Amino acid sequence: MVKVLVVYDSRTGNTEKLAQAVANGARRVSGVDVTLKKARDITPEDLTSADAYAFGSPSHFSIMSGEILTMFTNIYAHRHALAGKPACVFTTGSGGQVTALENIERILGAFNPKWIKPSIAVEGAPKQKDLEQAEKLGEKLAKATISK
Ligand SMILES: Cc1cc2nc3c(=O)[nH]c(=O)nc-3n(C[C@H](O)[C@H](O)[C@H](O)COP(=O)(O)O)c2cc1C
């Protein structure tokens, strides 16, 4: 089994819905074990034991949320564990979701992942089409992990 870790922050549920959709998409691929966790609950072991990653954040002041930034800061010492592994990102916001996406992509770039695109930036509560897009992204992430 390969391990896909979906990490997110969410206060009012928008990003959480996308995270669940990404996880559901990844679960469509057989041989994949999917873990869905809030950023504040992530341990270095969660990071080092995973084979692929999805990171989701709300836009807070047009950048990633403090919880996501704190998590990246905490795992920076373990950045070698992410290098070359498939990873994707998604954000929600009320207009600033794209700038938050650019921000999270820039920070995650320091970990040298194998990017799985397209990244997703959703305004407001995710609609059905957004959830379907997130499921596709999760499936693509899982498939990239299997074929690595
Ligand atoms: C402290 C705070 C700051 C925010 N700043 C922005 C912002 O700068 N730009 C923006 O588009 N949305 C901003 N928002 C709105 C959230 O990004 C948006 O409602 C998001 O979908 C919430 O995601 P969640 O339901 O997963 O918490 C902010 C929300 C909070 C709580």
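Data table
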| item | result |
| --- | --- |
| Subset of region 53-74 (residues that are more than 9 Å from the ligand (Cβ to nearest atom), touching a Lys or Arg at 6+ places or on another chain (Cβ under 8 Å) and of a type outside the set (Ser, Thr, Tyr)) | 67, 71 |
| Residue count, region 14-34 (criterion: more than 18 Å from residue 132 (Cβ to Cβ) and either near the ligand (Cβ under 8 Å from one of its atoms) or buried (at least 23 other Cβ atoms within 10 Å of the Cβ) (or both)) | 0 |
| Filtered residue count, region 1-13, keeping only those that are modelled with pLDDT of 95 or more and more than 11 Å from the ligand (Cβ to nearest atom) | 6 |
| Residue, surrounded by the fewest Cβ atoms within 10 Å (Cβ to Cβ), within region 35-52, restricted to residues that are of a type in the set (D, E, K, R) and within 14 Å of the ligand (Cβ to nearest atom) | 40 |
| Residue list for region 71-104, restricted to those being without any contact (Cβ under 8 Å) to a residue 40 or more places away in the chain, in contact with a helix residue (DSSP H, G or I) (Cβ under 6 Å, 6 or more places away or on another chain) and not small (Gly, Ala, Ser) | 72, 75, 78, 89 |
| Residue satisfying all of: in region 110-133; among the basic types (Lys, Arg) and touching a Lys or Arg at 6+ places or on another chain (Cβ under 9 Å); farthest from residue 64 (Cα to Cα) among these | 114 |
| Condition met for residue 77 (away from the ligand (no atom under 16 Å from the Cβ), among the aliphatic types (A, V, I, L, M) and outside any helix (DSSP H, G or I)) | no |
| Check on residue 136, surrounded by 15 or more Cβ atoms within 10 Å (Cβ to Cβ) and either in contact with a Lys or Arg (Cβ under 6 Å, 6 or more places away or on another chain) or not in a strand (DSSP E or B) (or both) | yes |
| Count - residues of region 92-123 that are within 12 Å of the ligand (Cβ to nearest atom), assigned to a strand (DSSP E or B) and buried (at least 18 other Cβ atoms within 10 Å of the Cβ) | 4 |
| Test: residue in region 48-61 that is in a helix (DSSP H, G or I), out of contact with any strand residue (DSSP E or B) (no Cβ under 9 Å at 6 or more places or on another chain) and free of Cβ contacts under 8 Å to residues at least 40 places away in the same chain | yes |
| Criterion: more than 16 Å from the ligand (Cβ to nearest atom) and buried (at least 21 other Cβ atoms within 10 Å of the Cβ) - qualifying residue of 126, 86 | 86 |
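The values are calculated or read from the model by the stated rules, or taken from the named source; none is laboratory data. None of the values given here were measured: they were computed from a predicted structure. We place every Cβ from the backbone using ideal geometry, glycine too, and count neighbours over all the protein chains shown.
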